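As C-alpha cells, the structure follows; a few thoughts come after it.
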Amino acid sequence: MSDVEIIVRLDVMLARRKMKSRDLAQAVGITEQNISLLKSGKVKGIRFETLAGICAVLDCQPGDLLEAVPAEEGV
C-alpha cells in the first residue's frame, strides 16, 4: 500500500465555477454517474482524455482537481 492517498477536489472546483455535475458531464461527454463517482473518490483511475476534458471545461489544471495527502493509518 502507498503512503499517499489521492483526494479528488472536483466538487470544490464545480462550486467555484458555479457549475452543476450534469452540465459538466454533458460538456465532457461522460455520464453524470461517472462525475458522481469521481466526486466521491470511488474510482481507481481516470483517463487522461477525461481529465483533460474536465480541465478544459472548468478552466483549471489537474492539480486543482487532485491532491496527494498522507494516507491515514489503519485504513
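Since every read-out is calculated from the coordinates, none of them should be taken as a lab result. All values derive from a computational prediction rather than experimental measurement. Virtual Cβ from ideal backbone geometry, glycine too; neighbours counted across all protein chains shown.
Which whole-number percentage describes the relative contact order of the chain, with Cα contacts under 8 Å and a sequence gap of 6 or more? Don't jump to the answer; show the numbers that get you there.
Numbers: 65 pairs, mean separation 39.5, N = 75.
Computed value for the chain: 53 percent relative contact order.
Averaged over residues, the count of other Cβ atoms within 10 Å places the peptides 39-47, 3-11 in the sequence 3-11, 39-47, highest first.
If we count every other residue with Cβ under 12 angstrom of Gln26's Cβ, Lys/Arg +1 and Asp/Glu -1, where does the sum land? With Lys, Arg at +1 and Asp, Glu at -1, the net is 0.
Stretching the chain fully between Leu66 and Val4 yields a gain of 21.1 nm (0.36 nm per residue, less the alpha carbon separation). Here the calculated FRET efficiency for Lys42 and Met19, from their Cβ-Cβ distance with R0 = 25 Å, stands at 0.75, rounded to the nearest 0.05.
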